[in-house]
Structure formats: C-alpha cells, structure tokens
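Q: This structure is in structure tokens; I'll ask about it shortly.
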Amino acid sequence: MVKPATGRIRADNVRKAFRQPDGQTVTALNNVSAEIAPGEFISLIGPSGCGKSTFLRLLAGLILPDEGTFSLDDAVITGPSYERGLVFQDPTLFPWLTVYDNVAFGLKIRGIHRDRKKEVLDFISLVGLKGFEKSYPHQLSGGMAQRAALARALVNHPKVLLLDEPFGALDAFTRMNMQDELIKVWQERGTTTVMVTHDVDEAIYLSDRIFVMSPRPARIESIIQVDIGRPRGRDLPEFLRLRAKILQILDFAGKHEDIQYYL
C-alpha cells in the first residue's frame with residue numbers, strides 16, 4: 001500500500017449537542033478525543049443514534065463542534081473541503097448526468113477538469129466501471145452507483161475518505177463484493193479512510209482499527225486493533241474472537257438500542 005505523508009486526523013475533546021424541536025438539548029458527542037494515522041482504515045461502530053454519523057459530519061466540516069476541535073494535518077477543520085471526500089449510504093448521483101459527468105463534477109466546479117480528463121477515466125476504471133462512462137444513474141445497479149460515488153470522491157485526491165454506511169442499502173452478496181473493491185482501492189491509493197458501519201463483520205474485515213462507541217452521549221468506549229493479515233477469511237478463529245469481543249463490549253444481549261448485526 002502507498003504510505004501517505006498526509007491525512008493525519010486528530011480529535012481533541014470534541015463535544016457536540018443538538019437542540020430538539022421540543023426545546024430539549026441532546027448531546028451526541030461528549031469529550032471525544034482520538035488520533036488516526038495517515039493511511040489508516042478506521043471503522044466507527046456502536047448503537048444506533050450514538051453519534052457515529054455526527055463524528056463523520058464534524059470531520060467532513062458539515063457541522064462544527066460546540067467544544068474542542070477536529071484537525072487534519074494540524075490544520076483545524078472549519079468547513080467542507082475537497083481534501084475530505086464523503087460517500088453516503090445513498091450514492092446521491094445527479095440523475096441527469098452520465099457516470100463520467102458525475103465523477104467529473106467536482107473537478108468542473110473547481111475549474112480544473114480540462115487538464116484532468118484522463119484522471120476521470122482512470123478513476124472510473126479503478127472502481128470497475130470502465131465501459132459505463134456514458135450510462136445514467138437509472139441504468140446502474142445499486143453497487144455500480146456506489147462505485148461511481150466512490151470514484152467521484154476519489155478523483156479530487158482527498159487526504160481523507162469518509163464513508164457513512166456506504167454499503168448499508170446493498171444486498172449481502174453485492175455488499176461483500178463492494179467491500180473487496182473498497183479494500184483494493186484503499187490499498188492502491190493509501191487514502192486515510194474513516195467508515196461508519198453497523199456491521200461488526202464489515203468493520204473487522206476492512207479495518208486496521210475499530211472505534212467502538214458508547215450509547216449517547218457518545219465517547220470512544222474501546223479501540224480494537226485488528227491484527228489479521230489481508231485478505232481476511234471471515235471464518236478465521238481470530239476473526240471470530242474479535243467479533244465476540246466487540247459484541248461483548250457493545251453488550252449486545254443486554255442493550256435495548258437497535259444494534260443491527262449482519263451475519
């Protein structure tokens with residue numbers, strides 16, 4: 001894998017609360033601190049509503065913390081940037097644009113598309129969509145649409161790739177194929193990657209480390225190092241031990257929160 005010199009993330013005592021329609025304040029994150037090294041693949045896992053997506057949105061710069069800071073390579077994050085590419089569960093492709101034009105959209109907005117047309121084609125090929133450049137979103141399967149969304153994020157050469165349950169809407173077979181494709185892209189590009197998932201197996205299969213988060217107000221309950229070589233067999237004893245450990249931390253059997261878990 002490419003060893004990047006940039007893409008170091010730091011969270012320092014981050015707190016974020018939201019005001020509800022009834023006037024009550026709900027604290028999503030409370031005193032969260034963490035460091036992520038350049039090129040790491042990190043997964044955030046925890047009960048529904050515990051603040052995982054809030055963590056990602058803060059890192060993307062879509063919202064700002066009430067206290068504390070998120071920083072990228074020692075620069076405090078104060079808003080969105082092409083340096084942090086974001087892929088949602090819904091591919092959010094523009095339905096009136098072709099795959100090529102969707103992938104190239106950010107470059108066109110930045111006024112640099114003319115000099116990087118070949119790169120657009122290279123990234124479309126990287127995610128396995130060569131031959132579909134002229135196709136429209138309605139002509140793509142769910143997995144293909146997510147590939148296009150991934151290429152759109154990567155073509156800007158972000159320092160960090162942020163994934164918010166990117167495969168949550170896919171069937172199990174397509175989901176596993178997409179996990180393999182994501183690992184290939186990550187190994188080739190070396191981009192620091194932070195992914196939110198409810199899927200314990202997915203987190204173990206993809207990650208270098210897993211941040212297990214507590215119920216709201218969230219803190220990082222535990223950090224699990226995944227010391228399993230790649231490619232990873234899902235039936236390896238080490239894999240199964242890690243699964244049991246993470247579920248124990250989540251207290252799967254005793255929690256009332258809706259913790260989704262995919263076999």
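Rule-based calculations on the coordinates, nothing more; no lab input. All values reported here derive from a predicted model rather than from experimental measurement. Heads up, the Cβs are rebuilt from the backbone with ideal geometry, glycines too, and the neighbour counts pull from every protein chain shown.
Q: Which residues in region 112-138 place their backbone N less than 14 Å from a point set 7 Å from the Cα of Thr174 along the Cα-to-Cβ direction?
A: Only 137-138 fall inside the zone, counting backbone N under 14 Å.
Q: Which value, in debye to the nearest 20, gives the size of the charge dipole of region 84-214 about its Cα centre, when Lys and Arg are +1 and Asp and Glu are -1 at the Cβ?
A: Dipole about the Cα centre, nearest 20: 740 debye.
Q: Right, another one. Kirkwood hydrodynamic radius for region 124-263: how many Å is it when counted over pairs of different Cα atoms?
A: 16.5 Å
Q: Listing Phe41, Phe94 from the residue with the fewest other Cβ atoms within 10 Å to the one with the most, what is the order?
A: If I rank by nearby Cβ atoms, fewest first, I get Phe94, Phe41.
Q: Let me ask something else. Arranged by the count of other C-beta atoms within 10 angstrom, fewest first, what order do Glu67, Glu221, Glu202, Glu119 take?
A: Listing Glu67, Glu221, Glu202, Glu119 from fewest to most nearby Cβ atoms yields Glu67, Glu221, Glu119, Glu202.
Q: I need His138, His157 ordered by Cβ neighbour count within 10 Å, fewest first.
A: So the ranking, lowest neighbour count to highest, is His138, His157.
Q: Could I get the Rg over Rh figure for region 95-201? Both from C-alpha atoms, Rh via Kirkwood, rounded to two places.
A: Rounded to two decimals, Rg/Rh equals 0.95.
Q: Can I ask one more? Gaussian network model of the chain, Cα springs within a sub-10 Å range: biggest mean-square fluctuation belongs to which of Val226, Val160, Val194?
A: Val226
Q: Springs between alpha-carbon pairs under 10 angstrom, Gaussian network model over the chain: which of Phe55, Phe211, Phe105 fluctuates most?
A: Phe105
Q: Report, to two decimal places, the Cα Rg of region 1-129 normalised by 2.2 N^0.38 Å (N = number of residues).
A: Rounded to two decimals, the normalised Rg is 1.26.
Q: Can you tell me the alpha carbon radius of gyration of the chain divided by the globular rule-of-thumb value 2.2 N^0.38 Å?
A: 1.00
Q: For Asp90 paired with Lys118, estimate the spin-label separation in nm (one decimal), with each label point 7 Å from Cα along the Cα-to-Cβ line.
A: Inter-label distance under the simple model: 3.8 nm.
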